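Here's the structure we're looking at; comments come further down.
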Amino acid sequence: MEVIHKIGRRKTAVARVYLKEGSGKITINKKDLNDYFTTGTLQYKVNQPITLTSNDDKFDVTVNVYGGGITGQAEAVRLALSRAMCELDEENRLILKPEGLLTRDPRMVERKKFGQKKARKKFQFSKR
């Protein structure tokens, strides 16, 4: 089996995932998964596509991720892994699609407008 390469995005985070046969080791930016994503919630998000498709301890995953915060990065990795699982076996699509793991979350930060304090907040209005 050759290396499977997929990309996932969330907000401004971009994750590139490289999947190859191995022992189930996940490396993110040359660090172990538990060292890079320290909270259990983020680790669960990253592992979700692998556990749902029951591919634990079958593949080594190498990830390059940049941009955004840690939550956005974790969700970008999750999307890329889900896409890789679908390329691996088309049956995995039926498992991951109902969970919403193949949907790119389109929500982005709204831009700041000129003449305003923030995106929606205005400067204080003075009547007199």
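Readers should treat all values here as calculations from the given coordinates under stated rules, not as data from a laboratory. Just so it is clear, the structure is predicted and the values come from calculations on it, not from any experiment. Glycine also receives a Cβ, built like all others from the backbone with ideal geometry; neighbour counts cover every protein chain displayed.
State the answer as a single residue: which of Phe123, Cys86, Gly40 lies farthest towards the positive end of the charge dipole of the chain, with beta carbon charges of +1 for Lys and Arg and -1 for Asp and Glu, about the Cα centre.
Phe123
Of Lys11/Lys112; Lys25/Lys58; Lys30/Lys58, which sit over 18 Å apart, Cα to Cα?
Details: Lys11/Lys112 16 Å; Lys25/Lys58 9 Å; Lys30/Lys58 20 Å.
As for pairs spanning more than 18 Å Cα to Cα, those are Lys30/Lys58.
Straight-line reach from Lys113: which lysines have Cα under 17 Å away, leaving out those fewer than 8 places along the same chain?
Partners within reach: Lys121, Lys122.
Just subtract the alpha-carbon distance of Ser23 and Gln116 from 0.36 nm times their residue separation and send over the number in nm, one decimal. Please report the intermediate quantities before stating the final value.
Details: separation 93, 0.36 × 93 = 33.48 nm, distance 5.34 nm.
Between Ser23 and Gln116, full extension yields 28.1 nm more.
Once every DSSP H run of n ≥ 4 in the chain is given -39500 (n - 2.57) and the sum is divided by its residues, what mean residue ellipticity at 222 nm do you get, rounded to the nearest 500 deg cm²/dmol? Before the final figure, lay out each step's value.
Working: 4 runs with 44 residues, N = 128.
Helix-only estimate at 222 nm: -10500 deg cm²/dmol.
Could you tell me which of rounded, prolate or oblate describes the chain, using a ≥ b ≥ c as the square roots of the eigenvalues of the alpha-carbon gyration tensor, with rounded for a/c under 1.5 and, failing that, prolate when a/b is larger than b/c and oblate otherwise? Provide the component values of the computation, followed by the final result.
Details: a/c = 3.01, a/b = 2.30, b/c = 1.31.
Verdict is prolate for the chain.
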